[in-house]
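Novice: I am attaching a structure below and will ask some questions about it afterwards.
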Amino acid sequence: MNQTERQLLSHCTLCPRSCGVNRMAGERGYCGAGIQVEAARAALHRWEEPCIAGSRGSGTVFFSHCTLGCVFCQNEPVSHGGAGIGIDEQRLAAIFLELQE
């Protein structure tokens with residue numbers, strides 16, 4: 001983790017809520033996120049939005065700790081319920097590349 005990332009996480013303003021918690025010290029703000037990215041699912045996603053994804057589909061990663069709170073969220077258990085596991089940046093990059101393949 002570089003210095004800029006540490007500063008951002010020490011006084012969190014990563015989303016529009018700008019709660020300012022110190023995620024580096026283990027605090028969790030409105031979203032409930034810690035210092036590590038959390039994802040509940042990563043898979044090839046076919047048949048949705050074919051005009052955008054084309055005939056081969058697209059990759060999808062379902063992240064935890066969304067701050068939007070949409071009333072009709074279809075992924076609420078994942079995005080707000082805390083489902084998911086922590087992954088580091090290298091693994092997340094590898095997931096993106098695997099889905100691209």
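Novice: Divide by every residue of the chain the summed helix terms, -39500 (n - 2.57) for each DSSP H run of at least 4, and state the resulting mean residue ellipticity at 222 nm, rounded to the nearest 500 deg cm²/dmol.
Specialist: On the way: 4 runs with 28 residues, N = 101.
Result for the chain: -7000 deg cm²/dmol, rounded to the nearest 500.
Novice: Can I ask one more? Any chance you could tell me what percent of the C-alpha pair distances in the range 1-63 go past 15 Å?
Specialist: Numbers: 1189 of 1953 pairs.
In whole percent, the share of Cα-Cα pairs in the range 1-63 beyond 15 Å is 61.
Novice: Sum up the charges of everything whose Cβ sits under 11 Å from the Cβ of His11, counting Lys and Arg as +1 and Asp and Glu as -1, but leave His11 out. Each step should come with its number before you reach the end.
Specialist: On the way: positive: Arg6, Arg23; negative: Glu27.
Result for the neighbourhood of His11: +1.
Novice: Also, I was wondering about something else. Contact order normalised by length for the chain, with contacts defined as Cα pairs under 8 Å and 6 or more residues apart; what percent is it?
Specialist: Values: 147 pairs, mean separation 22.6, N = 101.
The value is 22 percent.
Novice: Just add up the charged neighbours of Leu92: K/R +1, D/E -1, any other residue whose Cβ is under 11 Å from the Cβ of Leu92.
Specialist: On the way: positive: Arg91; negative: Glu38, Asp88, Glu89, Glu98.
Every neighbour counted, the sum reads -3.
Novice: Another question about this same structure. Take the Cα pairs of the range 27-94, get the Kirkwood Rh, then feed it into Stokes-Einstein at 10 °C and 1.306 mPa s and tell me D in µm²/s.
Specialist: 120
Novice: Sort the following peptides by mean Cβ neighbour count (other Cβ atoms within 10 Å, averaged over residues), highest first: 47-57, 16-26. Mind dumping the intermediate values first?
Specialist: Details: 47-57: 9.6, 16-26: 13.3.
Averaged packing, sorted descending, gives the order 16-26, 47-57.
Novice: Per residue, how large is the accessible surface of the range 1-99? Use a 1.4 angstrom probe and give square angstrom. Don't jump to the answer; show the numbers that get you there.
Specialist: Values: 6850 Å² over 99 residues.
Heavy-atom accessible area per residue stands at 69 Å².
The values are calculated or read from the model by the stated rules, or taken from the named source; none is laboratory data. As the structure is a prediction and not an experimental result, all values here were calculated from the model. In this analysis, Cβ positions are derived from the backbone assuming ideal geometry, glycine residues included, and neighbour counts consider all displayed protein chains. Surface accessibility is based on the protein's heavy atoms, side chains included, excluding ligands, DNA and RNA. Shrake-Rupley method; radii C 1.70, N 1.55, O 1.52, S 1.80 Å.
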